[in-house]
1. In which sequence would LEU146, LEU68 go, from the one with the fewest C-beta neighbours within 10 Å to the one with the most?
2. Around PHE50, which amide H atoms from residues at least 5 apart in sequence, or from another chain, sit under 5 Å from its own amide H, with H modelled in the peptide plane?
3. Can you pull the semi-axes for region 108-251, root of five times each eigenvalue of the Cα gyration tensor, sorted largest first, whole Å?
4. Report, in cubic angstrom per residue, the convex hull volume of the C-alpha atoms of region 128-177.
5. Over the chain, what relative contact order in percent results from Cα pairs under 8 Å that are six or more residues apart?
6. Return the long-range amide H neighbours of ALA241 (sequence gap of 5 or more, or a different chain), with a cut-off of under 5 Å between placed amide H atoms.
7. Count the DSSP beta bridges whose two residues both fall in the chain, then state the antiparallel fraction as a percent rounded to the nearest 5.
8. When the helices in the chain are scored as -39500 (n - 2.57) per DSSP H run of 4 or longer and the sum is shared across all residues, what 222 nm value do you end up with, to the nearest 500 deg cm²/dmol?
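Every read-out reported here was derived from the displayed coordinates using simple, explicitly stated rules and does not represent laboratory data. Every value quoted in this text rests on a predicted model; they were computed, and no experiment measured them. A quick note on method: Cβ atoms are made from the backbone with ideal geometry, for glycine too, and the neighbour counts reach across all protein chains shown.
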Amino acid sequence: MDDTTTIQNASASPSIHEHKIVMDVRNITKSLPLGRERIDILKGISFQIFNGDFVSIVGPSGSGKSTLLGIIAGLDNPSSGQVLIDGVDITTMTEGKLATVRNSKIGMVFQAYNLIPTLTAQENVEVPLYVGKHPGSPSTRAKELLGLVGLSHRLTHRPSQLSGGEQQRVAIARALSTDPAIVIADEPTGNLDAKNGENVLQLIADLRSQTGKTFIIATHDPVVASHADRAIRIVDGLIAAIDEIGGRITQ
Ligand SMILES: Nc1ncnc2c1ncn2[C@@H]1O[C@H](COP(=O)(O)OP(=O)(O)OP(=O)(O)O)[C@@H](O)[C@H]1O
Ligand SMILES: [Mg+2]
């Protein structure tokens with residue numbers, strides 16, 4: 001099904017939630033001061049993400065992928081433009097409201113895992129559940145998620161006692177803990193060897209088919225990108241192409 005059909009279906013039958021726009025990125029720019037000048041990092045980026053999409057963000061080093069992910073995850077402000085999540089603009093929200101949206105709707109996975117070193121695997125996964133209101137017991141949920149990522153035997157290990165691949169799986173479990181609609185990952189396999197990278201990728205593919213969540217993943221790795229439905233190619237702060245996997249270029 002191509003994008004045009006998807007959009008027509010969405011407007012004709014809004015009840016088909018598979019085709020709902022979960023994220024609408026409108027003309028995002030980001031510039032930062034550098035000495036006496038300003039550098040334009042993002043120069044007007046627009047795209048839409050549908051419920052259940054698996055989209056990769058690809059492009060050369062320094063092209064603006066991490067900057068873009070930080071903005072669509074609500075961790076950073078754009079210089080101009082909007083990011084609508086479920087129709088609500090997060091770029092104008094107060095910090096308190098934004099924190100609630102981030103906690104309930106977005107799970108984030110970082111290249112360097114960013115686990116809390118003094119906490120066990122289980123406690124790391126529980127942390128987001130103590131922020132905001134979530135049903136059920138944090139410890140039960142954390143154990144369930146660590147089981148899902150194949151780490152039931154590592155609940156009480158601290159990050160330093162886990163391999164890189166295991167730490168990344170804890171980070172993925174943590175990102176899923178609040179049952180967010182959207183999981184945003186920045187180079188989730190970037191620090192892993194080929195085998196662990198493949199395992200994490202397979203895990204993401206399985207989670208996607210089991211949970212129907214939306215995944216947005218920045219990557220250098222063509223293998224990771226080839227698993228996505230679409231690759232948004234950023235070059236020098238602009239979208240150079242949106243490739244439907246299979247080679248069809250739509251923009
Ligand atoms: N705080 C900052 N101040 C000045 N320039 C910055 C800052 N943060 C990022 N940049 C610049 O913005 C550009 C985009 O950076 P970004 O981290 O988004 O790239 P990237 O596509 O994620 O690269 P990589 O593939 O290497 O992770 C880079 O040229 C970087 O030097
Ligand atoms: Mg980056």
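1. LEU146, LEU68
2. Those qualifying (amide H under 5 Å, at least 5 residues apart or on another chain) are VAL22.
3. Working: eigenvalues 164, 54, 35 Å².
Here the semi-axes work out to 29, 16, 13 Å.
4. Dividing the Cα hull volume of region 128-177 by its residues yields 74 Å³.
5. Relative contact order for the chain comes out at 24 percent.
6. ARG233
7. Details: 26 of 43 bridges.
The answer is about 60 percent antiparallel.
8. -10000 deg cm²/dmol
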